[in-house]
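*Asks:* Quick one: the structure is below, questions incoming.
The values are calculated or read from the model by the stated rules, or taken from the named source; none is laboratory data. Here the structure is a predicted model, which is why all the values come from computation and not from measurement. Counting neighbours? That spans all protein chains shown, and the Cβs are built from the backbone with ideal geometry, glycine included. Side chains included, ligands, DNA and RNA excluded: accessible areas come from the protein's heavy atoms. Shrake-Rupley method; radii C 1.70, N 1.55, O 1.52, S 1.80 Å.
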Amino acid sequence: MDYRSWSTDKKISEIKNIKSVESNHNISSQTTPSSLERAGVRLVVLGAGESGVGAAYLAQQQGYDVFVSDFGAIADNYKKQLQDWNIRFEESKHTEEEILAAAEVIKSPGIPDKAPIVKKIKEKNIPVISEIEFAGRYTDAKIIGITGSNGKTTTTTLTYHSLKDSGMNVGLAGNIGKSFAYQVATEKFDWYVLELSSFMLDDMYQFKADIAILLNITPDHLDRYDYKMENYVASKFRITQNQTPDDVFIYCADDPETIKGMATRDFSAQQLPFSIEKKVEPGAYLENDNIVINTHQQHFQMSITELALQGKHNIYNSMASGIAAKWLEIRNPELRESMSTIKPIEHRMESVGKISGISFINDSKATNVNSTWYALESMTSDVILILGGVDKGNDYTMLRDLVKQKVKAIVCLGKDNKRIHDAFEDIVEVIVNTNSAQEAAQVSYHLATKGDTVLLSPACASFDLFKNYEDRGRQFKQAVREL
């Protein structure tokens, strides 16, 4: 049934009728300038979010002449920081005279290379780097870098949790927490655990991870990579660049794209795979429902039933994190405690509550198809699935079998839902379009019956209706509370 043009009240009214019936029936290498060379050198930061403002602070501390430019409006908290630090900035525009006079540009990962100002910067042969690359020049701390299409935040958080609980002096940064650059300027950590997106990796050249973790590679952000999977794969493998034989590369032996990519690349680091399909040593594997980890005379074993984070995807995440922890010789009791007590990540399979016997789960961080597949794979009840947003070239084929098995209705949450209708209307009878988190929650509630699960796992980015996936998730949780 197609509800595309109906009002919310009409949609809910019709749903109630149905339920009533049913019930009855590339850049050159950079070098770190000396403090003398830095004095007065113009450094431009594009984007005044967490990473940009942090980079600006570190650059100022290092003696650069810093200018921050954001084509949009700058959030009040970041604007106040820049003002307090006496860092020059502009918003809602890019002044080319200022920007093109830079010796180097630090670009926010959210700004694509096809942006007009970035094209002009590159035409002038001005180096463009990421905040992570810049900050890495000014710290001697060891780095655990974690990337992958799915599971980055969970694995990064779990790894940080394990190291910190063991007493290590460790910071958390990258796509999570405070800016890496700001922490380099203000803290003295011995280790950092960094969540690294492909966009960050694209602008990193000399940076090196002492422990590099590649969780998986599935189609994501292809709109930023000319819709070519090989370009996205190459971006992910940048996590291993500059590694030496003293370093470690941890990867998933079950991931087809990772294994395919490794076949055409050379690696200097020691390799430690993880798998739930076969025994791999050294590395991590699953045996009789136990995670087994073996690394250079370090052995660890733990039942998957003891893990705080459940589900197939979290077995992989725990293996990757566990290998890093054991490589650093964290004691088994401490690692076991960390893995069994970590709290779920907000917006990642987060339980919102239960109303009239209907469970609500916020998985707003699922911004690609593979992440949604893992969410559906873990479901044990019938599902009302909330999908949609900014489609990044998604191929929904891999979801069809699980949708057919588990999904009784799809609620679209986005401005353009045609591709979702085209992908599933032959196997899902009820597909409803909605235009807000509140409407999506209301419609889903009326579609569901006692024992069902309403799952927000959009498989898409959020920027058509929301500021970001966090905003989408929080609006959904608020809407559920108001039911």
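*Asks:* Quick check: net charge around Met262, other residues with Cβ under 15 Å of its Cβ, Lys/Arg +1 and Asp/Glu -1? Mind dumping the intermediate values first?
*Replies:* Details: positive: Lys236, Arg238, Lys260, Arg265; negative: Glu230, Asp254, Asp255, Glu257, Asp266.
Counting the neighbours of Met262, the net charge comes to -1.
*Asks:* Continuing with this model, one more query. What FRET efficiency do you get for Lys178 and Asp426 if R0 is 45 Å and r is their Cβ-Cβ distance, rounded to the nearest 0.05? Please report the intermediate quantities before stating the final value.
*Replies:* Values: r = 47 Å, r/R0 = 1.05.
Once the sixth-power term is evaluated, E becomes 0.45.
*Asks:* Same structure again: Strictly over 20 Å apart at the Cα level, which of Lys107/Lys178; Lys236/Lys418; Lys114/Lys392; Lys152/Lys354 would you flag in this model?
*Replies:* Among Lys107/Lys178; Lys236/Lys418; Lys114/Lys392; Lys152/Lys354, the Cα-Cα distance tops 20 Å for Lys236/Lys418; Lys152/Lys354.
*Asks:* Still on this structure, I have one more. For the range 332-456, just list the percent of Cα-Cα distances falling in each 5 Å bin from zero outward, please.
*Replies:* Calculated over all Cα pairs of the range 332-456, the distribution is 2, 11, 21, 24, 20, 10, 5, 4, 3, 1, 0 percent.
*Asks:* Taking only C-alpha pairs under 8 Å that are 6+ residues apart, what is the relative contact order of the range 230-271 in percent?
*Replies:* Details: 31 pairs, mean separation 21.5, N = 42.
Computed over the range 230-271, the figure is 51 percent.
*Asks:* On average, how much accessible surface per residue is there in the range 35-119, in Å², for a 1.4 Å probe, leaving out ligands, DNA and RNA? Walk me through the numbers on the way to the answer.
*Replies:* On the way: 3860 Å² over 85 residues.
In whole numbers, the range 35-119 has 45 Å² accessible per residue.
*Asks:* So what's the convex hull volume per residue for the Cα atoms of the range 247-394, in Å³? Before the final figure, lay out each step's value.
*Replies:* Details: hull volume 21.6 nm³, N = 148.
Measuring per residue, one finds 146 Å³ for the Cα hull of the range 247-394.
*Asks:* Taking the solvent-accessible surface of protein heavy atoms with a 1.4 Å probe, what is the per residue accessible area of the range 265-421 in Å²?
*Replies:* Values: 6620 Å² over 157 residues.
Using a 1.4 Å probe on heavy atoms only, each residue of the range 265-421 averages 42 Å².
*Asks:* Mind checking the range 307-399 for trypsin sites (Lys or Arg not before Pro) that DSSP puts in a loop (not H, G, I, E or B) and that have at most 16 other Cβ atoms within 10 Å?
*Replies:* Passing sites in the range 307-399 are Arg331.
*Asks:* Still on this structure, I have one more. Compute the Rg/Rh shape ratio of the range 166-222: radius of gyration over Kirkwood radius, all on alpha-carbon atoms. Can you show the working numbers first?
*Replies:* Values: Rg = 12.9 Å, Rh = 13.0 Å.
Here Rg/Rh amounts to 0.99.
*Asks:* Right, here's the next one. Quick check on the range 387-483: what are the equivalent-ellipsoid semi-axes from the Cα gyration tensor, as sqrt(5λ), descending, whole Å? Present the calculation step by step, with values, prior to reporting the outcome.
*Replies:* Working: eigenvalues 78, 63, 22 Å².
Equivalent ellipsoid of the range 387-483: 20, 18, 11 Å, largest first.
*Asks:* Measure off, as a whole percent, the carbon and sulfur share of the 1.4 Å-probe accessible area of the chain, all protein chains present. Present the calculation step by step, with values, prior to reporting the outcome.
*Replies:* Numbers: 9400 of 20710 Å².
After summing per-atom areas, the C and S share lands at 45 percent.
*Asks:* Counting other Cβ atoms within 10 Å, which GluC sites (Glu not before Pro) in the range 308-416 have at most 11 and lie in a DSSP loop? Don't jump to the answer; show the numbers that get you there.
*Replies:* Numbers: sites: Glu329, Glu334, Glu337, Glu346, Glu350, Glu377; in loops: Glu329, Glu346.
When the GluC sites (Glu not before Pro) of the range 308-416 are filtered for loop state and at most 11 Cβ neighbours within 10 Å, Glu329 remain.
*Asks:* Could you give the accessible area per residue of the range 150-210, probe 1.4 Å, as a whole number in Å²? Let's see the in-between values first.
*Replies:* Numbers: 1900 Å² over 61 residues.
Counting only protein heavy atoms, the per-residue value for the range 150-210 is 31 Å².
*Asks:* Still on this structure: Extension gain Glu123-Thr95, at 0.36 nm per residue separation less the Cα-Cα distance, in nm? Present the calculation step by step, with values, prior to reporting the outcome.
*Replies:* Details: separation 28, 0.36 × 28 = 10.08 nm, distance 1.62 nm.
Fully extending the segment from Glu123 to Thr95 adds 8.5 nm.
*Asks:* Gap in Å between the Cα centre of the range 346-374 and the Cα centre of the range 152-198?
*Replies:* Their Cα centres are 25 Å away from one another.
*Asks:* A further question follows. Which GluC sites (Glu not before Pro) from the range 260-306 combine a DSSP loop assignment with at most 13 other Cβ atoms within 10 Å?
*Replies:* Details: sites: Glu277, Glu287, Glu306; in loops: Glu277.
Taking the range 260-306 and a limit of 13 other Cβ atoms within 10 Å, the loop GluC sites (Glu not before Pro) found are Glu277.
*Asks:* Hey, another quick one. Taking the Cβ-Cβ separation of Glu277 and Asp113 as r and a Förster radius of 45 Å, what is the calculated FRET efficiency to the nearest 0.05? It would help to have the intermediate numbers written out before the result.
*Replies:* On the way: r = 37 Å, r/R0 = 0.82.
For R0 = 45 Å, the calculated efficiency reads 0.75.
*Asks:* Still on this structure: Of the listed peptides 73-85, 175-187, what is their order by residue-averaged count of other C-beta atoms within 10 Å, with the highest listed first?
*Replies:* By packing density, highest mean first, the sequence is 175-187, 73-85.
*Asks:* Right, something else. Taking the Cα atoms of the range 50-203, report the difference between the largest and smallest coordinate on each principal axis, in whole Å and largest first.
*Replies:* 50, 34, 28
*Asks:* Could you check how many percent of all C-alpha pairs in the chain are farther apart than 37 Å? Can you show the working numbers first?
*Replies:* Working: 37106 of 116403 pairs.
Distances greater than 37 Å cover 32 percent of the Cα pairs.
*Asks:* Would you pull out the residues with amide H under 5 Å of Phe463's amide H, same chain only if 5 or more places away, H placed 1.01 Å from N?
*Replies:* Val390
*Asks:* Specify the inter-centroid distance of the range 72-136 and the range 231-256, based on alpha-carbon positions, in whole Å.
*Replies:* If you average the Cα positions of each part, the centres end up 29 Å apart.
*Asks:* So what's the gap between the Cα centers of the range 267-301 and the range 414-483, to the nearest angstrom?
*Replies:* With the range 267-301 and the range 414-483 each reduced to a Cα centre, they are spaced 38 Å.
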